[in-house]
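The values are calculated or read from the model by the stated rules, or taken from the named source; none is laboratory data. Keep in mind the model is a prediction, meaning the values are calculated, not measured. Reconstructed Cβ throughout: ideal geometry from the backbone, glycine too, with neighbour counts over all protein chains shown.
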Amino acid sequence: MWESLNLKDVVALARDPYPSIRQWARDTGKKVVGSTIADVPEEVIYAFDLLPVTILGTHKPLKKAPSHLPDNACSLARSNLELALSYEGDLFSGFVLPQVCDTTQHLSDIWRINFPDKYVESYLAPRQADRPSARYWVKEEIERLIASLGEWTGKTLTNEALTASILIHNENKRLLAELYEIKKKNPGTITNKQFFAMMKLSLQVDKAEFNKSLKSIKDGLKLKKGKGYTDVILVGITCDPPEIFDIFDELKLNIVGDTLVDGTRYLRGAPSLNGDLIDAMADRHFHRGFFSPIHDDVFKNFEEVKKLYKETKAKAIIYVHIEFCESQEYDLPDLKNLIKKEGIPMHVLDTEYQTTSLSHVLTRAQAFFESLKGGSL
Ligand code: SF4
């Protein structure tokens, strides 16, 4: 199903992977388990012979979600709930829902009430990741998830199955990291849109199959440096709709680093196979980088963004702001001030799931990068 895709296929499937996931589930007879971002150890779900699918919104209209969530809930939460309630709910046999903010905490309860016949489990990442007890908490939470999945499926997780699953996931991250390096150095070879489509699809399909596509895409690339590109870093949680990447491509922006949950933060999450596997998955939670100031030292985001900016020698930061994201609303004012004091150019791009018109995004980004060329920032 996903083992012989070219870049064009990947871009199309990343926009709507669900028909192919349905077909795959029919062909294999396997169950599909959905989760929302972030930090659910998908290797564990996969090791139970289930397909973990990260739900990243729908582009179809909102019909039911607004009656379940307040107007100021983030558009990602609304879009995810809509996808499950109106469009793809029957595809999933169960859900493992992380609680990373107040919105996701309420969302998982709404989800549970609306799907009484499905398996619904929570995954509780520690709210204060800088506490010494946080690591113990993560390990306990992974073990609780394993016990819960074991009870639901009637299976016992073996070390061999978990090792095999981690190997497939780590291979996926290795291939994506290699493709990212190629893209950064040769922006004429892979567009931003194509690269982030590979990232997104990796979170949604069977990686054992998709890794074969990634390898053949990588082996078949003809390197092109390209001319006139401006290196930038992308900061935020996720970037949608995918047409925003068309705007970056049109403006010849080369994303050379990012902090996205469906970007570098995912790539950093490869657990070591040396030693206890649960310990390794607990450890990686703390190597993944900043996600929200609710969870950690409030200056950590700034320090990480500044470091990335310097390491990549980027010319500017693009911050992708999801409207009404409580985590970003809390984080962004301080980050803006600190970045400004450093004299680093930063453009804030406001996005909303279900957005259909991006002309304002293009106009504002054009103006920002024109003034950057003129040295007026
Ligand atoms: S972290 Fe932000 S974008 Fe993610 S679910 Fe919470 S409020 Fe929405």
For segment 302-330, the count of residues that are in contact (Cβ under 8 Å) with a residue 40 or more places away in the chain and either within 16 Å of the ligand (Cβ to nearest atom) or in a loop (DSSP other than H, G, I, E, B) (or both) equals 13
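Going by what's in this entry, would residue 39 be described as more than 30 Å from residue 164 (Cα to Cα) and modelled with pLDDT under 95? Before the answer, list the steps.
Numbers: more than 30 Å from residue 164 (Cα to Cα): no; modelled with pLDDT under 95: yes.
No.
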For residue 1, all conditions in the list (1) over 22 Å from residue 238 (Cβ atoms); (2) buried (at least 20 other Cβ atoms within 10 Å of the Cβ); (3) among the hydrophobic types (A, V, I, L, M, F, W, C) hold save one; what is the number of the exception? (2)
Report the residue count in segment 336-357 for those that are buried (at least 16 other Cβ atoms within 10 Å of the Cβ) and not in a helix (DSSP H, G or I). 11
Where in segment 129-203 are there helices (runs of 4 or more DSSP H), lying fully within it, with 3 or more residues that are of a type in the set (D, E, K, R), within 28 Å of residue 296 (Cα to Cα) and assigned by TED's automatic domain parsing to the domain that holds residue 15? 134-153
Would you point out the residue of segment 237-284, among those that are buried (at least 19 other Cβ atoms within 10 Å of the Cβ) and of a type in the set (S, T, N, Q), that is farthest from the ligand (Cβ to nearest atom)? 254
If we take segment 27-116, then helices (runs of 4 or more DSSP H) inside it with 2 or more residues that are without any contact (Cβ under 8 Å) to a residue 60 or more places away in the chain, within 16 Å of the ligand (Cβ to nearest atom) and assigned by TED's automatic domain parsing to the domain that holds residue 144 are 75-82, 102-114
